[in-house]
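Reviewing the structure listed below.
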Amino acid sequence: MEFGRLILGRPLRASEAGREEINPVEGLSALSLDALTSVAYGPQALLLALAAGGVAALRLAPWITLAIVALLALLVLSYLQVIVAYPGGGGAYAVARANLGPGLSLLAGASLIVDYTLTVAVSIAAGVASLTSAYPGLTPATVPLCLGILGLITVLNLRGLGEGARAFLLPTLAFIVGLLVVIAIGLVHPLAPHLRPPGAPQIRSHAVEALGALLVLKAFSAGCSALTGVEAIANGVPLFRAPRVRRARQTEILLGVLLGTMLLGLAALVQRFHIQPRANDAVLNQIIGEAISRGWAFDALSIVVTVALALAANTSFGGLPVLGSLLARDHRLPHAFALRGDRLVFSRGIWVLAVLAGALLVATGGNTAALIPLFAIGVFTGFTLAQAGLVHHWASERPRGWVARAALNAVGATATGAATLIFVFTKFAEGAWVVVVTVPLLILLFVRVEAYYAAVGRELRLGRTPPRPPPGRTMVVVPVTDISRLTAEALAVALSISDEVVAVTVSFEDGDPAAELTRHWEHWAPGVPLVVVRSPYHSVARPLLSFVRQQRPSAQRRLVVLIPVVVPRRFWHAVLHNHLDLVLSATLRHRRHVVVARLPLFLRNE
């Protein structure tokens with residue numbers, strides 16, 4: 001307990017919730033770092049897709065980037081509206097639930113969970129890949145490094161979102177400023193170094209694929225991986241300080257301006273420096289090297305990029321727990337996901353996200369190339385559903401200017417829906433089939449959990465006033481093995497519960513320690529009868545279970561089995577105590593009309 005308190009901090013009062021809420025600048029590190037750092041792999045994925053068409057195809061990169069930035073503008077405008085219309089958070093899930101019915105809301109929820117999990121895995125893997133690219137000797141430690149970074153981010157988020165956002169703020173600002181400076185220098189640099197980058201070009205000398213619509217669509221879908229994370233701010237509106245809507249909108253606008261500027265600036269530098277995808281040298285590294293040369297500044301900025309990429313996973317830790325809490329309140333996930341921990345965060349959602357992302361990193365060996373084909377389908381499905389739901393929302397509410405808003409969202413829904421289909425068809429064989437299979441399985445999970453809660457609600461008659469509870473009697477059974485302070489405490493509590501109390505001990509045929517216990521009991525005379533249950537087997541549980549059955553517990557005469565247990569001062573001593581408790585609790589806990597209770601006795605001097 002003390003160790004956990006040291007790592008996670010003291011529990012926070014509800015009145016201290018404000019200290020964990022974030023402002024717009026902190027929102028960039030808490031909810032936007034994923035989208036901002038996607039410029040490290042989005043443009044590279046675009047160029048790799050175009051490389052199949054040869055050098056001539058690379059000239060299309062700026063125009064495809066313009067299309068991606070135009071889509072970014074549509075998405076930012078759309079999510080600005082989502083923030084206003086649904087300030088409770090949840091993003092695409094909340095919009096779909098309110099406007100598109102339960103089926104599509106389940107699709108939105110499942111898609112976002114897949115997106116958030118992949119965001120964590122891709123971000124950490126990309127950060128470690130950048131590190132091992134600069135220091136190849138670390139390559140064998142890729143998976144341990146990934147898991148170490150994941151553990152650090154998990155602990156910081158368990159301490160509280162605000163604390164994590166403030167811890168990541170400096171790397172976020174360093175990444176933004178550093179990249180903007182590189183773009184500015186690269187655009188005005190009169191004598192770029194034009195160093196020969198290391199690594200062989202990844203372009204086919206003889207194009208084997210026609211430069212046509214399919215190639216452009218593949219490049220567009222690959223480059224759109226730079227747009228993941230745009231939705232996270234709308235999902236996490238409750239995390240901001242009041243006025244939440246205004247602060248969340250400010251963060252969304254900041255994100256859109258910064259991300260659009262970076263994408264356009266990097267596309268311009270790709271053309272100016274004639275950047276080509278090369279083995280063992282990321283496109284972003286080439287751009288930085290050409291703009292500021294490969295000296296100390298390059299090394300420093302490479303470290304900043306690595307740290308920012310790894311910490312971009314923090315976006316999901318801000319969004320998925322909120323989404324999980326909404327799903328739990330709708331009875332589509334276990335209700336535990338809606339409970340806040342001692343640090344006022346949805347800790348179960350954080351733990352589940354960490355475990356899923358860790359499993360994914362281990363399964364793929366921390367390989368970014370294996371993860372990116374899975375990456376964008378989930379988030380673009382959410383984009384499409386959010387904007388389609390807003391079209392229905394504006395048409396239903398009809399506020400002032402609703403026609404223009406609905407038209408904007410209709411265009412956005414069409415564009416992102418087309419992009420989603422492109423992702424599925426162009427990336428299916430590369431691993432996107434995993435997402436296509438996982439999303440329906442998550443939907444099935446939601447449906448089964450909701451059906452279970454509905455059935456339990458009917459049986460418990462939730463929402464109805466039950467009849468008055470009838471009076472009844474209670475018999476208390478206290479299992480004992482000897483006479484001690486523990487036995488005396490248990491009998492005292494049992495007598496305070498009921499006048500009908502009996503102590504029970506088990507005697508085996510190959511010895512009769514019960515005879516001596518009976519003599520001491522009669523001498524002690526605690527006012528409670530001692531029943532000795534004989535057993536031909538060396539089992540305590542079965543004889544006691546038989547005794548409980550003989551009492552015929554019912555709704556009119558309930559039976560409480562009060563098990564005294566020792567609570568040692570040092571947790572590692574727990575294995576030395578309470579073996580009878582473990583056996584009896586497992587045996588009796590599922591008996592009807594039988595209550596199994598534990599009476600702890602705390603040891604002070606060990």
**Fill in**
Reported set for the stretch 551-565 where residues are over 15 Å from L584 (Cβ atoms) and either within 40 Å of the chain's Cα centre (by Cα) or part of a strand (DSSP E or B) (or both) is R557, R558
**Item:** Given (1) at pLDDT below 80; (2) more than 28 Å from V270 (Cα to Cα), index of the condition V55 fails
**Value:** (2)
**Item:** Among the residues listed as A234, A268, the single one being buried (at least 18 other Cβ atoms within 10 Å of the Cβ), part of a helix (DSSP H, G or I) and of a type in the set (G, A, S)
**Value:** A234
**Prompt:** Looking at (1) in contact with a Lys or Arg (Cβ under 6 Å, 6 or more places away or on another chain); (2) outside the structural domain of S585 (by TED's automatic domain parsing), can you tell me which one S507 breaks?
**Reply:** (2)
**Request:** Please find, among G412, G417, G457, G463, the residue that is under 24 Å from F337 (Cα atoms), of a type in the set (G, A, S) and in contact with a helix residue (DSSP H, G or I) (Cβ under 9 Å, 6 or more places away or on another chain).
**Result:** G463
**Item:** Qualifying position, being outside any helix (DSSP H, G or I), in the same structural domain as T142 (by TED's automatic domain parsing), on the phi < 0 side of the Ramachandran plot and without any contact (Cβ under 8 Å) to a residue 12 or more places away in the chain, among R294, R340, R332
**Value:** R340
**Asked** Among A129, A108, A121, A141, which is touching a Gly at 6+ places or on another chain (Cβ under 6 Å) and either surrounded by 23 or more Cβ atoms within 10 Å (Cβ to Cβ) or not charged (D, E, K, R) (or both)?
**Response** A108
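How many residues are in a helix (DSSP H, G or I) and modelled with pLDDT under 80 when one looks only at the stretch 199-225?
8
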**Prompt:** Can you tell me which residues in the stretch 250-262 are surrounded by fewer than 23 Cβ atoms within 10 Å (Cβ to Cβ) and touching a residue at least 12 places away in the same chain (Cβ under 8 Å)?
**Reply:** Q250, I253, L254, G256, L258, G260, T261
**Message:** more than 29 Å from the chain's Cα centre (by Cα), assigned by TED's automatic domain parsing to the domain that holds A386 and part of a helix (DSSP H, G or I): is that true of E252 in this structure?
**Reply:** no
**Asked** Does the stretch 107-118 include one or more residues that are farther than 22 Å from A310 by Cα and either touching a strand residue (DSSP E or B) at 6+ places or on another chain (Cβ under 9 Å) or of a type in the set (S, T, Y) (or both)?
**Response** yes
**Unique residue being touching a Gly at 6+ places or on another chain (Cβ under 6 Å) and either at pLDDT 85 or above or at positive phi (or both) when the list is T306, T251, T261** = T251
**the stretch 264-284, residues that are at pLDDT below 85 and charged (D, E, K, R)** = R278, D281
**Prompt:** Tell me, which helices (runs of 4 or more DSSP H) wholly within the stretch 355-445 include 1 or more residues that are among the charged types (D, E, K, R)?
**Reply:** 375-397, 402-427
**Asked** Taking interchain pairs and intrachain pairs at least six residues apart, which have beta carbon atoms under 7 angstrom, with the first residue in the stretch 513-524 and in contact (Cβ under 8 Å) with a residue 40 or more places away in the chain and the second surrounded by 10 or more Cβ atoms within 10 Å (Cβ to Cβ)?
**Response** W524/I483
**Asked** Which one of the conditions (1) more than 26 Å from I124 (Cβ to Cβ); (2) of a type in the set (A, V, I, L, M, F, W, C); (3) touching a helix residue (DSSP H, G or I) at 6+ places or on another chain (Cβ under 6 Å) does I253 fail to meet, given that it meets all the rest?
**Response** (3)
**Complete:** Exactly one of L152, L158, L169, L179 is surrounded by 17 or more Cβ atoms within 10 Å (Cβ to Cβ), within 20 Å of W351 (Cβ to Cβ) and either in the same structural domain as G289 (by TED's automatic domain parsing) or of a type in the set (V, I, T) (or both), and that one is L158
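Return the residue satisfying two criteria in turn: it lies in the stretch 416-437 and is in contact (Cβ under 8 Å) with a residue 60 or more places away in the chain and surrounded by fewer than 19 Cβ atoms within 10 Å (Cβ to Cβ), and of such residues it is nearest to the chain's Cα centre (by Cα).
V434
The values are calculated or read from the model by the stated rules, or taken from the named source; none is laboratory data. In this text, all values refer to a predicted model and were calculated from it rather than measured experimentally. Positions of Cβ are generated from backbone atoms using ideal geometry, with glycine treated the same way; all protein chains shown enter the neighbour counts.
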